[in-house]
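The values are calculated or read from the model by the stated rules, or taken from the named source; none is laboratory data. Note that the structure is predicted; figures quoted are calculated from it, not measured. Here Cβ is always computed from backbone atoms with ideal geometry, including for glycine, and neighbour counts include all displayed protein chains.
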Amino acid sequence: MLRQSRTLTSSQSSVPPFTDGTDLPFNPKLFTAKLAVRSSIHNSPFAIYEKVSAPNIETIVSLAKRRGFVYPSSDIYGGLGSAWDYGPMGVELYNNVKQAWWRWMVYERDDIEGLDSSIILNRLVWKYSGHEETFTDPLVDCRECKTRLRADKLEKAEKTNDASEEPAFLKDIARRIEQGYYKCPSCGSKNLTEPRPFNLMFQTHVGATAEDDASALVYLRPETAQGIFINFLNVLVTSRRKLPFGIAQMGKSFRNEVTPGNFIFRTREFEQMEMEYFVKPGEDEAAHQEWIDACNQWFQTIGISNANLRLYEQPKEELAHYAKRTVDIQYRFFPEREDEERQWDELMGIANRTDFDLKTHSKKPEDAEGKRLNPDSTEDLSYFDEQTKQRFYPYVIEPAAGVNRTVLALLMDAYSEKTNDKGETRVILKLHHSMAPIKVAVLPLAKNKPEIVGMAKALKRSLQPIVRAVYDDTGGIGKLYARQDEIGTPFCVTVDHQSLEDEAVTVRDRDTWEQERVKVADLPTHLLQRIAVVS
Ligand code: GAP
């Protein structure tokens, strides 16, 4: 979404939030309590109390670093603000998200093609898309402590509950700053500058040219979508497509965010999964609703609980300049916040972009005086309908999600704890099997017994072509189980002394901790039957 019209108010969704299955509005405390009761009667001796979902992002930051999901980037040189690196577990989870999305979006449908366009595009793409002019955040400086702030995220100097006082436009914010309505969140001063637009696109230069050579100026893409629009004709022709059809793309995007933060929620470099679905004008509203429902369902399919998702209808004043309607799928990223409304933030946006993008990149459209609106384009990105013999610019429905935010939502949602009567707490990451970085860990009960180690290693090798499997002997069996629980491995296979005799192993389930003896010959089939796939 373009930033000119970003969230400036915290208005209510017109779509009611999801419930926890009762007629009452969703109550996270009640929901957790119900699960605690449910967990106390399941048959694990350890589980006397179970919490579901991470209580806050900080809990995940610590788990992510401890278990190799995400590390602060450039840490040995003091870090780099909002940059994060994905470790051995993180990269697997990250790739699982992308693979699941691509399979769902491209392979399982018959009306979507894939694309991988350049990150650096001709500067004119961003001129005509509107990004050069409008992809901005309003910026304010604190004159006292020199902190740079996003004007639409300023703190009120005095607490007030009147939502109608929330300013929606830059000029309102300017007036309120002058009246001392806001304070700097760092030092509390009301001595703030007037807001001014700050363009979020990262600039660089192509070729061995001078830094100030304007003709060499290019941007790192702030969304993958424009790469799709400029390839609309290429894909249409080479794939012999007819409307409706879509083009999907995953890839890095870059935004020089004024206030990045909340771990991997808002970063300057991130990855998007976007799809532009082209339809006949008039068929756009129904298609939009179908994609809203389908995407909401998809997040649940990969394991995010319904209770932590909701739909948010963007009010008119929040819509980007190209959008007719946009609905966000929000996740409860901030469950610790007292104000329920502030617990939610965007996981995905689903916009009806109308025919804005194809038209703006086309050479033909003219203004009232017959002047070409885009004198630089060499193509007309319109569509000829053989049936009606009419030419028009297709409307576009755009589901756009962030890979990083999906990873964060999955980690938060899967987080659970079991505490025993001694007060010892275990973390269990109840990821959907398809998202788990490792599906099976093969563990020897005694690492000083070469026959047991040899059998365990051979088992790991035989499972690897079928599922992502690891071998681990770096601790006692209790520690090894705990470590696998913490990274979300659905099954542990233990090789013990008896295995050498009866050619059988113990399969332990992450969620129930139940153990089952399985013949080695039956193990691949047994595991494949039990590992849940995204359906
Ligand atoms: N082409 C439309 C578009 O880019 P957007 O709402 O700005 O729309 C889509 O971005 C998704 O990309 C968001 O829902 C979010 O998941 C992700 N995203 C956007 N900015 C991000 C950032 N700075 N850090 C991490 N993810 C981001």
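Exposed (fewer than 15 other Cβ atoms within 10 Å of the Cβ) and among the charged types (D, E, K, R): which single residue out of Arg426, Arg391, Arg405 fits that description?
Details: Arg426 fails: exposed (fewer than 15 other Cβ atoms within 10 Å of the Cβ); Arg405 fails: exposed (fewer than 15 other Cβ atoms within 10 Å of the Cβ).
So the residue among Arg426, Arg391, Arg405 that is exposed (fewer than 15 other Cβ atoms within 10 Å of the Cβ) and among the charged types (D, E, K, R) is Arg391.
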Taking the condition of being aliphatic (A, V, I, L, M) and either within 22 Å of Leu63 (Cα to Cα) or touching a Lys or Arg at 6+ places or on another chain (Cβ under 7 Å) (or both), how many residues in region 419-462 meet it? 11
Could you give every pair whose Cβ atoms fall below 6 Å, whose first residue belongs to region 255-268 and is under 14 Å from Glu346 (Cα atoms), and whose second residue is within 10 Å of the ligand (Cβ to nearest atom) and of a type in the set (Asp, Glu), counting only separations of at least 6 or pairs across chains? Arg266/Glu257
Of Asp380, Asp385, Asp413, which residue is within 16 Å of the ligand (Cβ to nearest atom), acidic (Asp, Glu) and modelled with pLDDT of 95 or more? Asp413
If you go through region 424-445, how many residues are under 9 Å from Pro490 (Cβ atoms) and β-branched (Val, Ile, Thr)? 2
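Yes/no matrix, rows are residues, columns are (1) touching a helix residue (DSSP H, G or I) at 6+ places or on another chain (Cβ under 7 Å); (2) of a type outside the set (A, V, I, L, M, F, W, C); (3) part of a helix (DSSP H, G or I); (4) at pLDDT below 95:
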| residue | (1), (2), (3), (4) |
| --- | --- |
| Ala441 | yes, no, no, no |
| Glu451 | yes, yes, yes, no |
| Met455 | yes, no, yes, no |
| Arg483 | no, yes, yes, no |
| Thr489 | no, yes, no, no |
| Ser499 | yes, yes, yes, no |
Name the single residue that is farthest from Phe229 (Cα to Cα) among those in region 381-395 being without any contact (Cβ under 8 Å) to a residue 12 or more places away in the chain and not in a loop (DSSP other than H, G, I, E, B). Gln390
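If I go through region 128-154 residue by residue, how many of them are closer than 30 Å to Asn231 by Cβ and touching a residue at least 12 places away in the same chain (Cβ under 8 Å)? Working first, answer last.
Our first condition is that a residue be closer than 30 Å to Asn231 by Cβ; within region 128-154, this holds for 128-137.
In the following step, the residues that additionally are touching a residue at least 12 places away in the same chain (Cβ under 8 Å) were identified as 128-132, 134-137.
Counting residues in region 128-154 that are closer than 30 Å to Asn231 by Cβ and touching a residue at least 12 places away in the same chain (Cβ under 8 Å) gives 9.
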Would you mind stating whether Thr267 is within 16 Å of the ligand (Cβ to nearest atom) and among the polar types (S, T, N, Q)? yes
Among strands (runs of 3 or more DSSP E) entirely within region 183-259, at least 1 residues that are within 16 Å of the ligand (Cβ to nearest atom) and either at pLDDT below 95 or among the acidic types (Asp, Glu) (or both) occur in 196-199
If you go through Asn420, Asn404, the only one that is touching a Phe, Trp or Tyr at 6+ places or on another chain (Cβ under 9 Å), among the polar types (S, T, N, Q), in contact (Cβ under 8 Å) with a residue 24 or more places away in the chain and within 16 Å of the ligand (Cβ to nearest atom) is Asn404
Of the residues that sit in region 67-82 and are without any contact (Cβ under 8 Å) to a residue 60 or more places away in the chain and not in a loop (DSSP other than H, G, I, E, B), which one is surrounded by the most Cβ atoms within 10 Å (Cβ to Cβ)? Pro72
Looking at (1) farther than 11 Å from Val97 by Cβ; (2) more than 16 Å from the ligand (Cβ to nearest atom); (3) not acidic (Asp, Glu), which is the one condition that is false for Met435? (1)
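From the list Ser434, Ser416, which residue is small (Gly, Ala, Ser), surrounded by 20 or more Cβ atoms within 10 Å (Cβ to Cβ) and not in a strand (DSSP E or B)?
On the way: Ser416 fails: not in a strand (DSSP E or B).
Going through Ser434, Ser416 in turn, the sole match is Ser434.
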